[in-house]
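Below you'll find the structure, written out as C-alpha cells, and then a few comments.
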Amino acid sequence: MASLKSAKGDRERKLLISAVVFLAIVCIALVIALAIVASKISDDGSKSKSKENDSGKGFCSEITKFPDPKPPKSNGVFDDLSEEEINAVKKYLINNKELSIVPFKDANVNTNYIYLIEFQSPPKQQALAYLDGNGSKPDRKARVVVYMGAMDPPVVQEYLVYPAAEPKTHEKRLLGKNSTIPFHTRVGDNHEMDVIEQAMTNLTTTLQQVLSESYDGYIYAGCEEKCLDYGTNAPLGLKTGERKHWVFFQRFHAGWHLQAINFQVLYNTLGNDVTQWHVEKIFYNKQIFKTAEELLHKYNNGSIAKEFVPAPITKPLYSSLNRRGSPQPKRPLRPPQIFEPDGKRYTVSGRHIEYMGWSFDFRMRSSSGIQIFDVKFKGERIIFELSLQEAEAFYSGSSPIGMSANQYLDSYWGMGFYNFELVPGVDCPLTSTYFDVIHFVNRDRPMKIRNAICVFELTNGIPLRRHYENTFTGGYYYYGGMPSSGLVLRSISTPFNYDYVFDYIFYPNGVVEVRVGTTGYLQGFYWTNSELPYGYKIHNTSGGLVHDHIINYKVDLDVAGQANSYQTIDVEIENITDPWNPGRWRVQKVLRRRTKDNEKDALYRYNFEKPRYLNFFSETARNRNGVKKGYRIHLKDVMKMSYPETWPLVNGAAWSL
C-alpha cells in the first residue's frame, strides 16, 4: 500500500507541475495579448483624437480602414460662422459710429441693435466657379439683421458684412426693390417682450381678484404656487400697418400648451414709442372688455357672466410627459439597436460628409434650418442646394385667438435656431456622429448648442430589391436580394409646442429623401361647446382644433450640369381603337409630356384627380439607352393649401398653393 500511495503521489505532483507550467504559459500569453491590445488602444486613441480635430467627433473604427478624411475643396465655402467670426462682425458694426448700433444688452425698442448674425451662403455662380474651376474662393460673408428703432420712421435693415473673420466692408442687402423692411413686420424679440411682460403684470395685478376666483387661486402677478403664464400668437395684425399681439394665458404646469384658460388680451405694440403701446381688448369667459377696470367693475357688480374652472389634478398631471398606465412590456426589455459590425461606412471632414458614392456639405441656418450644398452622387453633382425654407400651421377656432391669430409661419418662432442637444438612443441612434451649432439670435453673444445635429446610417428593414424566380411547380430558379440602408442627416427643432424632426436621407441607389415628423405637444385651446365645429375635447377644459402643416423646401437641381429643363408627365386616359382587334376599342393610361417654357408656366398646383410626375432633366446628357438624364420629384405626403387665394393670409405662404 505504501508503494502504491507513493506512485500515486508522484503522479499527482507531476500533474500539478504540468498544470502550473501550463497556467504560466497562458498567463504569459495573456500578458503579451494585453500589451498588444493596449498598444492598439493607444494607437486608436490618437487616431480618434486626430479625427476629432478634423470633424468634431471621433467616429471611424479601425476595422473600416478608411483613410483620414482630407479637407475637401469646399471647406469653408458653406460652413456656418464661427464664434470668432460672429464676434468680429458684431464688434465691427458696433464700432461703426455712422450706424449708431448699441450692444443688445444695453438696447431697447427705440435704439439700433443687432437682432441676428448668420452666415450668408455665396452666390451659386461664384461657388461653382471656385469648386469646378480656377475661380477665387468666395468671401465668407455675414448676414446681419439690425432693428433700427432710433430711426424716424423705424425700420429693419439687413447688411452683408465681409470678410467675416476680419470685417472691412458692409453693404445694405437689397430685398427685391426695397432696402429696408417695415418695422411693424419684424420678428418679436426680448426687448419687445420685456414691455409686454410689464404690461401683463400691471393688468393682472388689477385683475388679481378676477383671476384668482375664476381659476381656483391661479394668478400671474406675484404668484407663488398656483401660477399662470402667457404666450403670444401670430399674425400680429390682419391688415398692413398693424402690430397687435393676442396674449393668451394658461396654468404654468408641465405641458402648459394643454392648460389654457378662458382669458386673452389684445395688446398693441405698433411703433417704437413704448409709451403708446396699450391694451385694446380683454376677453374673459366669451365676453369682451376695453380695459381691466371695466372688467373688474362689472365683475364686482354682477353684471357679467362669471366662471369657475377648478384646478387640475396634479398627481398624475394629465399634461405632463410622465408615463401613465402599465409599462409595456411588463418586464423591462431594451428595444433593438443599430449595430455597425464593420464600423462606420461614412466619413466626416468638418461639415463635409461622404457615404457610398454620396458627398455633400451642410450647415444650420439660424433663420430657417438645415441647408445642404453641392450634393454629388458618384462624383457627379445633382443638387446645388437642398434646404428647409418655411413651415406653415394654420388653425381654426371660435375664440378671438382662433379667429384672429394662430396662423403660424414657424421661421418667425425660431424654427432655425430653437435646437437643443439631441439625446443618444432617443433622438438619434447610439451609433450617431454629432455636430455642434452656433447661433446669434436675439441675444448679446453667440450661443453654442452641443450635439444639435446628428448623422447615422440606418437599415430600413425592407429589401432595396429582391426576387425569387418562380418555377410555378413549388420551387424557384434563383434568388437575388439586397438589403436597404441609408445615411440620415437629422436635426430637431422646437419652435413652440411642436418638435419637428427633419431628416435628409441618402440611399445607395441615388435616391434622396426629405422627411419630416411632428411630435411634442398639440397646441391646446380652452374648450367650450363653441369649439365643437373645429375640433375635439381632449380633457376637462382642453381641446384640440383642426389645423394643417405644410413644409416648404428649396431644391436647386443640377442634373449633369446646369442646362436643365422641367416637364410634367401627366397620366391621362385615352380611348382608342384596338389595332389588333378590329371593331374593338381600348381605354388605357397614356403619358403626356409637357415641357415648361417659363416659371409662370411651371407653377404647380397639386390635383389629386390627375396623377402627375415632376421631371427635371438635362438637355444635353443622356444615359446608355438614349434617355435624357433626369431626376423625378416624388411627393409622397401631400397636403394641399385649402384656403382660397383671395384670403390675405395666404399671401404670406403663397408657396403652399
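The values are calculated or read from the model by the stated rules, or taken from the named source; none is laboratory data. Please read all numbers here as calculations on a predicted model, not as lab measurements. Cβ coordinates were reconstructed from backbone atoms using ideal geometry, including for glycine residues, and neighbour counts include every protein chain displayed. Please note that ligands, DNA and RNA were not included when accessible areas were found on the heavy atoms of the full protein model with its side chains. Shrake-Rupley method; radii C 1.70, N 1.55, O 1.52, S 1.80 Å.
Values for this structure:
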item	result
Within region 329-427, trypsin sites (Lys or Arg not before Pro) in DSSP loop having at most 13 other beta-carbon neighbours inside 10 Å	LYS330, LYS378
Neighbour cut-off at most 13 other Cβ (10 Å), DSSP loop, trypsin sites (Lys or Arg not before Pro), region 76-124	LYS97
Region 148-300 - Kirkwood radius from inverse mean 1/r over Cα pairs (Å)	17.8 Å
Value at 222 nm in deg cm²/dmol, rounded to 500, when DSSP H runs of n ≥ 4 in the chain each add -39,500 (n - 2.57)	-6000 deg cm²/dmol
21 Å Cα-Cα threshold exceeded, pairs from LYS286/LYS315; LYS124/LYS596; LYS124/LYS376; LYS172/LYS448; LYS298/LYS537; LYS105/LYS448	LYS286/LYS315; LYS124/LYS596; LYS172/LYS448; LYS298/LYS537
Extension gain from TYR521 to ASN581, taking 0.36 nm per residue of separation minus the Cα-Cα distance	15.4 nm
Net +/- balance of residues flanking VAL501 in space, Cβ distance below 9 Å, scoring K and R +1, D and E -1	-1
Sequence of THR269, THR595 when ordered by accessible area, the most exposed leading, probe 1.4 angstrom	THR595, THR269
Calculated Rg and Dmax of region 454-520 using C-alpha coordinates, Å	18.1, 60
Amide H partners (placed H, <5 Å) of TYR215, local residues excluded	VAL309
Share of pairwise Cα separations in region 401-513, more than 22 Å, in percent	54 percent
Compactness of the chain as Cα Rg over 2.2 N^0.38 Å, two decimals	1.24
With all protein chains modelled, accessible area of TYR613 [1.4 Å, Å²]	90 Å²
Region 159-218 - Rg over Rh from alpha carbon coordinates, Kirkwood radius	1.36
Probe 1.4 Å, all protein chains present, accessible-area order of ARG143, ARG594, largest first	ARG594, ARG143
Backbone HN-Hα couplings from phi across region 85-97 [Karplus 6.51/-1.76/1.60, Hz, Gly and Pro as x]	5, 4, 5, 5, 5, 4, 4, 4, 6, 5, 6, 7, 5
Separation between Cα centres of region 79-96 and region 436-511, rounded to whole Å	35 Å
Phi-based couplings in Hz for region 112-117 (Karplus 6.51, -1.76, 1.60; Gly and Pro marked x)	9, 8, 7, 8, 8, 10
Per residue accessible area in Å² of the chain, where ligands, DNA and RNA are left out and the probe is 1.4 Å	55 Å²
Phi-based couplings in Hz for region 375-388 (Karplus 6.51, -1.76, 1.60; Gly and Pro marked x)	7, 10, 10, 6, x, 10, 5, 10, 9, 7, 9, 10, 8, 6
Cα-derived Rg over Rh, computed across region 578-657 with Rh taken as Kirkwood radius	1.11
Packing-based ranking, highest mean first, of 144-150, 283-289, 320-326 given that Cβ atoms within 10 Å are counted	144-150, 283-289, 320-326
q = 0.24 Å⁻¹, region 354-436: log10 I(q)/I(0) [Debye, one scatterer per Cα]	-1.12
Accessible area in the full protein assembly, largest first, 1.4 Å probe, for TRP527, TRP256	TRP256, TRP527
